[in-house]
1. Search segment 217-250 for residues being of a type in the set (A, V, I, L, M, F, W, C) and over 18 Å from ARG66 (Cα atoms), and hand back the single one that is surrounded by the fewest Cβ atoms within 10 Å (Cβ to Cβ).
2. Of the numbered conditions (1) out of contact with any helix residue (DSSP H, G or I) (no Cβ under 9 Å at 6 or more places or on another chain); (2) over 27 Å from MET7 (Cβ atoms); (3) open to solvent by less than 20 Å² (accessible area, probe 1.4 Å); (4) within 11 Å of the ligand (Cβ to nearest atom), ILE367 satisfies every one except a single condition; which is it?
3. Scan segment 326-363 for residues that are within 16 Å of the ligand (Cβ to nearest atom), assigned to a loop (DSSP other than H, G, I, E, B) and modelled with pLDDT of 95 or more and jot them down.
4. Applying the selection to segment 15-56, what residues are within 16 Å of the ligand (Cβ to nearest atom) and in a strand (DSSP E or B)?
5. In segment 251-276, what residues are within 17 Å of TRP431 (Cβ to Cβ) and surrounded by fewer than 23 Cβ atoms within 10 Å (Cβ to Cβ)?
6. State all residues of segment 63-85 that are surrounded by fewer than 23 Cβ atoms within 10 Å (Cβ to Cβ) and in contact with a Phe, Trp or Tyr (Cβ under 9 Å, 6 or more places away or on another chain); if no residue qualifies, say none.
7. Would it be correct to say that GLY168 is of a type in the set (Gly, Ala, Ser), within 15 Å of the ligand (Cβ to nearest atom), part of a helix (DSSP H, G or I) and on the phi < 0 side of the Ramachandran plot?
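The values are calculated or read from the model by the stated rules, or taken from the named source; none is laboratory data. Just so you know, these numbers come straight off a predicted model, no measurement behind them. So basically every Cβ, Gly included, is an ideal-geometry build from the backbone, and we count neighbours across all protein chains shown. Side chains included, ligands, DNA and RNA excluded: accessible areas come from the protein's heavy atoms. Shrake-Rupley method; radii C 1.70, N 1.55, O 1.52, S 1.80 Å.
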Amino acid sequence: MPKLAAMSSTFDENRSAWWAAAGARGEYVPAPALSKDLDCDLAIVGGGFTGTSTAYHMARRFPEKRIVLCEARLLANGASGRNAGLLLNWVNGVETTDLELARRIYDVTRAGIDALATRIREQSMEVPFRRDGCIEIVTDPARAEAAARDAERLSSAGIPVRFVTGNGLAELGRFEGALGATFDPTAGQIDGVCLVRAMRPVLERLGVHVHERTPVIGIEEGETITLTTPSARVRAKAIVLATNAYTPRVGYFRSGVVPLHSHLLATEPLAPEAWEEIGWGRGLAGFSDDFDRIAYGSMTARGELVFGGGSNAAYGYGFGNGTAYRGDPTRAIAAMEKTLHRYLPKTAKVRIAHRWTGAVALTLSRICTMGVQGKNRNVYFALGYSGHGITLANLAGEVLTDIYSGDDARWRDLPFFQQRLLYVPPEPFRWVGYHAYTALTGRSPRRSL
Ligand SMILES: Cc1cc2nc3c(=O)[nH]c(=O)nc-3n(C[C@H](O)[C@H](O)[C@H](O)COP(=O)(O)OP(=O)(O)OC[C@H]3O[C@@H](n4cnc5c(N)ncnc54)[C@H](O)[C@@H]3O)c2cc1C
């Protein structure tokens with residue numbers, strides 16, 4: 001476990017456009033830090049999508065249980081408050097020709113987005129959220145042919161994606177170099193800071209004890225697990241590691257997860273006419289491209305264009321699983337701007353208002369894992385979303401609650417269920433390997449299961 005002294009390489013400020021917008025709406029008053037020892041049934045470490053969705057489902061299923069959530073900084077300080085907002089179907093990393101499995105995965109993730117929409121509506125949460133679809137553009141003739149064939153196959157299995165070209169594509173977006181795109185009409189976009197913060201009163205109404213500015217700095221496993229925080233201890237019958245990219249720093253999954261710094265930029269809010277000029281249609285929540293170092297962007301409810309990826313420069317690995325970014329992102333931002341201008345040349349005139357960095361939890365197969373471990377089977381976890389976790393981390397609460405209840409049959413056939421993560425060597429091989437591989441190939445290290 002990290003000692004407090006090492007916290008500076010664990011946590012950094014959230015500088016995202018979402019965080020700034022939340023700040024502009026008014027001062028946030030954090031939940032009190034934990035100040036005295038307590039006993040509970042379940043202690044959740046981490047206040048992002050995984051932590052809040054698990055607290056929500058557990059508290060609803062087991063209203064009699066005492067549930068505590070400890071967040072080191074403020075809720076949504078991690079990736080949940082720093083992402084591009086793309087609410088996507090599918091489990092990243094799964095490649096299959098099995099149409100039954102494909103439909104199963106699509107149905108599960110679509111139901112996850114449906115459940116999130118229901119939660120927002122039923123709990124009257126004010127969260128900017130749209131669900132008009134996202135596209136994956138293809139930029140190479142052979143890949144375009146393959147994508148068109150795939151879309152047809154998937155659609156024959158009842159998955160509602162379609163391949164669009166020509167005017168159909170131009171209506172969604174005029175992306176230079178795009179030969180076509182796979183359109184997923186049930187994907188969307190969401191403001192993660194708003195969502196996680198709006199969850200706090202919901203959780204408190206359900207009786208969850210939320211503590212912010214409460215880093216867990218020690219975990220002692222046993223039938224009862226003791227969590228140490230700077231001012232008090234929590235004794236819990238079970239815990240949930242909801243710390244995603246921070247998990248290796250908490251002492252778990254060190255050989256399975258690589259925290260990767262990922263940079264994003266956002267424009268200032270743009271008027272509808274500016275979007276029109278840029279060539280981004282009103283009915284498109286977000287896009288990504290067909291490269292290994294994927295470029296991706298989205299349109300926020302306030303009209304900002306968020307953009308990231310597109311080259312090696314947009315990502316970085318810090319020695320020793322560092323999750324706080326202390327580097328200089330100038331080169332990364334310049335490379336990202338170049339890619340953005342290539343796809344949407346008119347964006348060259350638009351001012352960039354925000355630049356930020358967050359940590360994604362990369363697994364070698366890209367597939368995440370959700371389950372329970374430990375001698376006493378009381379350490380629950382969900383992590384390793386590899387940059388695609390908005391849908392899955394919000395679904396994780398339901399999965400973990402079912403595992404906790406012993407009623408998890410409906411998840412067992414899914415690739416993330418108790419997934420064993422592929423081995424990533426320790427330092428210094430990890431650092432050298434990542435940098436050598438990415439420099440030589442221009443790609444990110446990946447292995448199939
Ligand atoms: C730049 C970027 C862009 C992304 N874009 C997308 C996207 O467009 N679409 C998509 O689907 N996914 C995207 N992702 C991934 C997605 O945001 C994550 O998979 C998801 O938010 C993970 O949620 P989480 O709750 O598991 O982790 P996090 O949100 O990281 O939450 C973990 C929390 O644990 C806290 N914590 C850590 N250590 C401790 C400790 N010792 N004690 C107490 N608390 C602790 C942290 O402060 C943090 O708040 C992106 C990620 C990044 C960084």
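1. In the first step, residues of segment 217-250 are kept if they are of a type in the set (A, V, I, L, M, F, W, C); the result is 217, 219, 225, 227, 232, 234, 236, 238-242, 245, 250.
If we keep only those that are over 18 Å from ARG66 (Cα atoms) as well, we get 217, 219, 245, 250.
Working: ILE217: 17, ILE219: 20, ALA245: 27, VAL250: 21.
Step by step, filter segment 217-250, then rank; the result is ILE217.
2. Every condition holds for ILE367 apart from (4).
3. THR363 - this is the single residue of segment 326-363 that is within 16 Å of the ligand (Cβ to nearest atom), assigned to a loop (DSSP other than H, G, I, E, B) and modelled with pLDDT of 95 or more.
4. Result: LEU38, CYS40, LEU42, ALA43, ILE44, VAL45.
5. Of everything in segment 251-276, those that are within 17 Å of TRP431 (Cβ to Cβ) and surrounded by fewer than 23 Cβ atoms within 10 Å (Cβ to Cβ) turn out to be ARG254, SER255, GLY256, LEU260.
6. Of all residues in segment 63-85, those surrounded by fewer than 23 Cβ atoms within 10 Å (Cβ to Cβ) come to 63-66, 73-74.
Answer for segment 63-85, where residues must be surrounded by fewer than 23 Cβ atoms within 10 Å (Cβ to Cβ) and in contact with a Phe, Trp or Tyr (Cβ under 9 Å, 6 or more places away or on another chain): ARG73, LEU74.
7. On the way: of a type in the set (Gly, Ala, Ser): yes; within 15 Å of the ligand (Cβ to nearest atom): no; part of a helix (DSSP H, G or I): yes; on the phi < 0 side of the Ramachandran plot: yes.
No; evaluated as a whole, the condition is false for this residue.
Residue by residue, here is whether (1) in a helix (DSSP H, G or I); (2) out of contact with any Asp or Glu (no Cβ under 8 Å at 6 or more places or on another chain); (3) under 30 Å from ALA146 (Cα atoms) holds:
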| position | (1), (2), (3) |
| --- | --- |
| MET58 | yes, yes, no |
| LEU74 | no, no, no |
| ARG104 | yes, no, yes |
| ALA117 | yes, yes, no |
